[in-house]
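No lab work stands behind these numbers, since they all come straight from the coordinates. This one's a predicted model, so the numbers in the text were calculated from it and none came from an experiment. Here the Cβ is made from the backbone with ideal geometry for all residues, glycine too, and neighbour counts use every protein chain on show.
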Amino acid sequence: MRCAYFLLALILPWSCVRKPQPEEAPPQPAYRGLFILNEGQWTLGNASLDVISTDGTYYADVFYAVNRQPLGDVANHILRQGDTLWITMNGSRVIWKVLLPSVQALAKIVFPSTASPREFLPITPHKAYVNSLLDSAIYRIDLRNMAFISPPIRVENFSESMLYHSGRVWVTCGSYAYPLRNWKVACIDPVGDSVLYYLALPRENPGPIESLPSGEILVGCRGNYADQKGMLVHINPSDGTISRTVGLSTSVYLLRRYGEEIFLLTDSGITRYDWRSGQVDYSFLTKGRLGIPPHELLYGFFYDSTTNEWVLANAKAGGVRGELLFIRNDSILRRRSVGVFPSKFVRYP
């Protein structure tokens, strides 16, 4: 969650009450289609999981509808493995294990009070890593019994994102509580569960990380959101060296690879990055071209290969129900009201 939007929890407390929408359908025994993870607001416990079924029917807050308990506070990450969803709750300090297509909660693991879990990363069929933003830890989980493996791996604050690549786990350690700053990527041995080394980057605040078709690793450094803009850094995983840097005219919040192409979420909208030439196309899908007001917040995106559409998550001014924009050939085909701070997507099946 972008730090500036923590303040919305204080100035918009009434937004945690979700009014039923007339088009919402009743709970179902099974859900298939596009799953939308709505982050919700910090401390308000209004994260939710929505579904748009294959026939276009919208189901709101299906986790609560099925399990009769809220998803929790600040949904940070979602991962699908076959018929299992793993949902990471940053504020509630919980990982949910959810069965599909029923959306029944099978198990959960609760983290220590010092933790702030960010992402869930499977390492083997029986072991996963969960990085924690604020307590210098990567927690190890035994997936057979949903229990912690002690001790956690100690890393520098503030770990944001993880990537399993070339037999190593790469963890971005960024800035969070200014004036505290970081600008490193940790390289971890997933067999020995230990930090091998840190790679210092030329720009502070690394966040999103992705693999490139070339076999390199791409890191998005966000800068300080003020006078220092973002940067893309190419890393050679074989020796941990930097092979290329590309300065940006904006910050970068997400990196996504679809086939051979790389796309970024930047201040202007969705930006396309040609990793071969280092060229950045800021005009790909911009707020201006789509008619989105400049003050509204694009919070995530997804290319849906099932429908051949781009799905943009618009959080609007924050603290209110967000909206999905379904786009093809630069045209908005339809819109859909969803939960608060829509951010992540998965398809099932």
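State the Cα centre-to-centre distance between the stretch 260-287 and the stretch 125-148 in whole Å.
33
Holding the Cα-Cα limit at 32 Å, pick out from Lys108/Lys229; Lys97/Lys229; Lys127/Lys344; Lys127/Lys229; Lys127/Lys184; Lys97/Lys287 the pairs that are longer than that. Can you show the working numbers first?
Details: Lys108/Lys229 38 Å; Lys97/Lys229 37 Å; Lys127/Lys344 23 Å; Lys127/Lys229 37 Å; Lys127/Lys184 25 Å; Lys97/Lys287 36 Å.
In this structure, Lys108/Lys229; Lys97/Lys229; Lys127/Lys229; Lys97/Lys287 lie more than 32 Å apart at Cα.
What full-extension length gain, to one decimal in nm, is calculated for Arg334 and Gln81 as 0.36 nm per residue of separation minus the Cα-Cα distance? Don't skip to the end; give the middle numbers.
On the way: separation 253, 0.36 × 253 = 91.08 nm, distance 2.92 nm.
The span from Arg334 to Gln81 would gain 88.2 nm if fully extended.
At 222 nm, what helix-only mean residue ellipticity would the chain give, in deg cm²/dmol to the nearest 500, using -39500 (n - 2.57) for each DSSP H run of four or more?
Working: 3 runs with 14 residues, N = 349.
Result for the chain: -500 deg cm²/dmol, rounded to the nearest 500.
With only Lys, Arg, Asp and Glu charged, each at its Cβ (+1 for the first two, -1 for the last two), find how big the charge dipole of the chain is about the Cα centre; round to the nearest 20 debye.
Values: 35 positive and 30 negative charges, 69 e Å.
It comes to approximately 340 debye.
Taking the Cα atoms of the chain, what is the range of coordinates along each of the three principal axes, in descending order and whole Å?
For the chain, the Cα extents along the three principal axes come out at 55, 49, 39 Å.
Below 8 Å between Cα atoms, with a sequence gap of 6+, how large is the relative contact order for the stretch 22-122 in percent? Before the final figure, lay out each step's value.
Values: 244 pairs, mean separation 22.2, N = 101.
For the stretch 22-122, the relative contact order is 22 percent.
Considering only Ile188, Ile235, Ile332, give the residue with the highest GNM mean-square fluctuation for the chain, with springs between Cα atoms whenever their separation is below 10 Å.
Looking only at Ile188, Ile235, Ile332, the largest GNM fluctuation is found for Ile332.
If packing is taken as the mean number of other Cβ atoms within 10 Å per residue, what is the order of 58-64, 199-205, highest first?
Details: 58-64: 21.1, 199-205: 18.0.
Result, highest mean Cβ count within 10 Å first: 58-64, 199-205.
Classify the stretch 265-336 from the C-alpha gyration tensor, please: rounded if a/c falls under 1.5, else prolate or oblate depending on whether a/b exceeds b/c. Could you put the intermediate results ahead of the total?
Numbers: a/c = 1.96, a/b = 1.33, b/c = 1.47.
The shape class here is oblate.
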